[in-house]
Amino acid sequence: MGWLRRQRYLLDFILASLLRRKGKNLGLLLVYSLIVFMLASVMLFTHALKREMGLVLQASPEIILQRIEAGRHALIPEDYLQKIGRLRGVTARKGRLWGYFYDPAVRANYTLMVAPERRLADSEVIIGSAIARTRGIGPGDYLTFRAHDGEAYSFRVRELLASDTELFSADLVLMSERAFRISQGVTEGWYTDIVLSVSNPLELEKIAEKLTLRLPDTRPILREEILRTYDAIFSWRQGILFVLLLGAILAFVIFAWDKASGLSAEERREIGILKAVGWETGDVLRMKFWEGAILSLMAFLLGYLLAYLHVFHASASLFEPVLKGWAVLYPAFRLTPVIDGLQVATLFFFSVFPYVVATIIPIWQVSVTDPDAVMR
Amino acid sequence: MRKSDPLLSLFALLAGLFLWTLAGSTRSPQVAAERLDPVRRLVSELGLSDPALFTEARYTRHLSQADLHSAFQDHPMALEHFPSGSLLAPPRPGAHGRGE
Amino acid sequence: MRIVLEDVHKVFNQGRPNAHEAIRGVSLSIEPNRVTCLKGASGSGKSTLLSMIGCLSRPTAGRIHLGERLLSGLPERFLTDIRRHTFGFIFQQFNLISGLSVLENIMLPAYPLAPDHRQLTATASALLDRFGLAHKARNPVQWLSGGEAQRVAICRALINDPRILIADEPTANLDTRLSRDFMEQIRRLRESGRTVLITSHDPVVFDSPVVERVIELCDGRVVGG
Ligand SMILES: Nc1ncnc2c1ncn2[C@@H]1O[C@H](COP(=O)(O)OP(=O)(O)O)[C@@H](O)[C@H]1O
Ligand SMILES: [Mg+2]
């Protein structure tokens, strides 16, 4: 109780003292919060995105079989479906038809895909919301492609892919098999790749091995590899964002160090006065501790909460230009708030601890000197 | 009124919000999974392997299928053509190892 | 509480070439409930002696007794504790913390003792009232005139209700009229039963009827009183 009361008095004092240089300290708090905000945004965003990818990609095919020709991904003949032969554990196999299409009108890359289950008429397409946004079209409108042979084909947009699937469907154009083959020049008997369903994940390795033996010109891509790819995405060391941030952080560290450690003659005198009127060395240190703690805690909480709002309620809009890069299409998506406690704890430690230490250390020397200095 | 009063109330408020964000994250996996159901259905229907986040080029659009065999390497760290290349980790050894 | 000094020495920078003995064997007994003045030229060791009595520093040799207790030799923690309960300080440059309000400055010595906040505010306000400064309570101290700052310094010295008041050249920054006012305030403090210890080389102080005993220092030795 007494202890609490004492800390409150120290808070009173340090607040009054901080408010004397209101502009400078508020500026410091602002910059500090901004740095935490950037770091926290990156952390929350990548973590939530990774989680979401992980959950969704569980539904992607267990094995994708690509044929390689002259070292490049090539079309795969239909009879490979038979050539695979009987494989224990493979429950389904089918050929996929998909490809890319560059739309010079908006300079965007689309992903064309055949979706047999949608039973599309040959003159119909289903498109992703980002395409609809970029081209300014909707259901009932027409989308015209210049095909491989120079002919122009017009497709009626039957519907849009649900906007809550945009993270995966933004640039998709679904069409019928015939429409795809004619417009893209993929003759009958060929597919883009083959997907295999496997019921028991333990058998995957074995099956992949058999596949490369039976069909030496193919390479199987396992779902686990896909998941691993997206687990490594945005790994901490990569990214211009971090390089940029590093600069900002360094600048801040210099600024904070200067602010926190540079004891002015004025501050030395004040500490002398405090000691002379009966403050212990410990009181002075505690008071300084609170100064560092108030500023850094406030900056941490503000920065973190703003980052939370930014990532989960404002669609991480500040990252859009970075992620979008040169692309024209960009999915609008809302991530589910998931937070990694350890990450937040790390952020907390590295944003609060160094600053508090930087405020206390220089005070040490001054506060252990004799209090009779004020008599001179 | 003491100077520490508004400060402490502000801290209480911010700390409350902070804890709320943490708690929100632990109670939501169920909701999150349900929310993702349409996406998962689409992914399994079409056999999608990659998100439509980077549509700049083939190898960024289908990162998991970027091949390591071509003369002009089509993988993100090969040569920086696009800004997203700097965000993507190069494939780890073994991640695409089969068949090479 | 009687203050007794036995053969007190203070050497600055001991063991180094610039060593300087500021106090050279002072033995004194200062009576309680009296106003005592340490008089002497600048550099005679008044402040040094006062800071040792007020537990701000320690003698190099000799003993200082405060009532029953032996001060010399106590660790810093205890000295601080004694200092804040027993002594109130008024410094030559007032030593108020600028930017803080008058009220905050006065309450400062009580912070480490952490009394009830409402009670402390009441005590501080009562003190300000007594010294005619109630209307200035919320002002920052740098707006005060010299006389007002001096009275704020007195209020601050009194906030923990100390038995002994120590004032180091309190009138050095005041004109004659304000110095007389100050001595008047000292008289009232004396009447409330406090021991007052002043250093000064100002005749307004040591010739004042309020001062009951004058001790003269010269080059770190007692030469009269
Ligand atoms: N910290 C110190 N280090 C070295 N010399 C000091 C120190 N403090 C005081 N002195 C010297 O001690 C002598 C007495 O100083 P002081 O007690 O301040 O005198 P007064 O208050 O009577 O003017 C002076 O010669 C002064 O220079
Ligand atoms: Mg002096």
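The values are calculated or read from the model by the stated rules, or taken from the named source; none is laboratory data. In this text the structure is predicted, and so the values were computed from the model without any measurement. Note that we place each Cβ from the backbone using ideal geometry, even for glycine, and neighbour counts take in every protein chain shown. For the accessible areas, the whole protein counts, side chains as well, though only heavy atoms, and no ligand, DNA or RNA atoms are used. Shrake-Rupley method; radii C 1.70, N 1.55, O 1.52, S 1.80 Å.
Near the amide H of A:SER176, within less than 5 Å, lie the amide hydrogens of A:GLU124, all on another chain or at least 5 residues away, with H placed in the peptide plane. Built from the Cα atoms of the range A:63-221, the convex hull projects on average onto 10.4 nm², one quarter of its surface area. The residues of the range A:330-374 listed by number as losing at least 10 Å² of accessible area in the complex, against the isolated chain and with a 1.4 Å probe, are A:TYR330, A:PRO331, A:ARG334, A:THR336, A:PRO337, A:VAL338, A:ILE339, A:VAL344, A:ASP370, A:PRO371, A:ASP372, A:VAL374.
From its DSSP helices (H runs of at least four residues, each -39,500 (n - 2.57)), chain A gives a residue-normalised ellipticity at 222 nm of -17000 deg cm²/dmol.
Calculated on C-alpha atoms, the gyration radius of chain C divided by its Kirkwood radius gives an Rg/Rh of 0.97. For the range A:253-376, report the translational diffusion coefficient in µm²/s to the nearest whole number, using Stokes-Einstein at 37 °C, 0.692 mPa s, and a Kirkwood Rh over Cα pairs. Roughly 185 µm²/s, to the nearest whole number. Taking Lys and Arg as +1 and Asp and Glu as -1, the other residues whose beta-carbon sits under 12 Å from that of C:PRO75 total -1.
Projecting the Cα positions of C:SER145, C:THR195, C:VAL214 onto the charge dipole of chain C (unit charges on Cβ atoms of Lys, Arg, Asp and Glu, taken about the Cα centre) puts C:THR195 furthest along the positive direction. Highest mean packing first, where packing is the average number of other Cβ atoms within 10 Å per residue, the peptides A:219-230, A:269-280, C:213-224, C:33-44 line up as A:269-280, A:219-230, C:33-44, C:213-224. Taken as Cα centroids, the range A:271-303 and the range C:72-138 sit 18 Å apart, rounded to the nearest whole angstrom. To the nearest ten degrees, helix A:281-313 and the longest principal axis of the Cα atoms of chain A are 20 degrees apart. Per-residue surface analysis assigns A:ASP122 an accessible area of about 70 Å², computed on protein heavy atoms at 1.4 Å probe radius. Alpha-carbon geometry of the range C:155-225: the Rg and the Dmax are 12.5, 35 Å, given in that order. Buried between A and B is an accessible area of approximately 7000 Å², summed over both sides with a 1.4 Å probe. Using the Stokes-Einstein relation with a Kirkwood hydrodynamic radius computed over Cα pairs, the translational diffusion coefficient of the range A:105-155 at 20 °C and a viscosity of 1.002 mPa s comes to 176 µm²/s.
Here's the picture: charge each Lys and Arg Cβ at +1 and each Asp and Glu Cβ at -1 in the protein assembly as shown, and of A:LEU161, A:ILE361, C:LEU49 the one pushed furthest to the positive end of that dipole is C:LEU49. Dividing the C-alpha radius of gyration of chain A by 2.2 N^0.38 Å, with N its residue count, gives 1.47.
Heavy-atom accessible surface of A:ILE361, to the nearest 10 Å², is about 100 Å², with a 1.4 Å probe and all protein chains retained. Computed from point charges on the beta carbon alone (+1 for Lys and Arg, -1 for Asp and Glu), the dipole magnitude for the range A:11-109 about its Cα centre is near 200 Debye.
Separation of the range A:37-114 from the range A:332-369 is 41 Å, based on Cα centroids. Legend: residues A:GLU62, A:GLU117, A:GLU166, sorted from most to least accessible area (1.4 Å probe; ligands, DNA and RNA excluded), read A:GLU117, A:GLU62, A:GLU166.
When chain A is treated as a GNM with alpha-carbon contacts under 10 Å, the residue of A:ALA108, A:ALA40, A:ALA232 showing the greatest mean-square fluctuation is A:ALA232. Beta bridges assigned by DSSP with both partners in the range A:63-221 are antiparallel in approximately 80 percent of cases.
Where both bridge residues fall in the protein assembly as shown, DSSP classifies roughly 65% of the beta bridges as antiparallel.
For the protein assembly as shown, the dipole from Cβ point charges (+1 on Lys and Arg, -1 on Asp and Glu) about the Cα centre works out to 1480 debye, to the nearest 20.
Note on A:SER154: accessible area is roughly 70 Å² with a 1.4 Å probe, heavy atoms of protein only. Counting only protein chain heavy atoms and rolling a 1.4 Å probe, the accessible areas of A:LYS94, A:LYS50 rank, largest first, as A:LYS94, A:LYS50. When a 1.4 Å probe is rolled over the protein heavy atoms, the share of accessible surface on the range A:63-221 that falls to carbon and sulfur comes to 49 percent.
Rounded to the nearest 5, the antiparallel percentage of DSSP beta bridges internal to the range C:87-225 is 30%. Across peptide C:89-102, the average count of Cβ atoms from other chains found within 10 Å of a residue's Cβ is 4.
The average projected area of the protein assembly as shown, computed from the convex hull of its Cα atoms over all directions, is 42.0 nm². Less than 5 angstrom separates the built amide H of A:ARG96 from those of A:THR192, A:ASP193, A:ILE194, A:VAL195, all sequence-distant by 5 or more or on a different chain.
The charge dipole of chain C, taken about its Cα centre with unit charges on the Cβ atoms of Lys, Arg (+1), Asp and Glu (-1) only, comes to about 260 debye.
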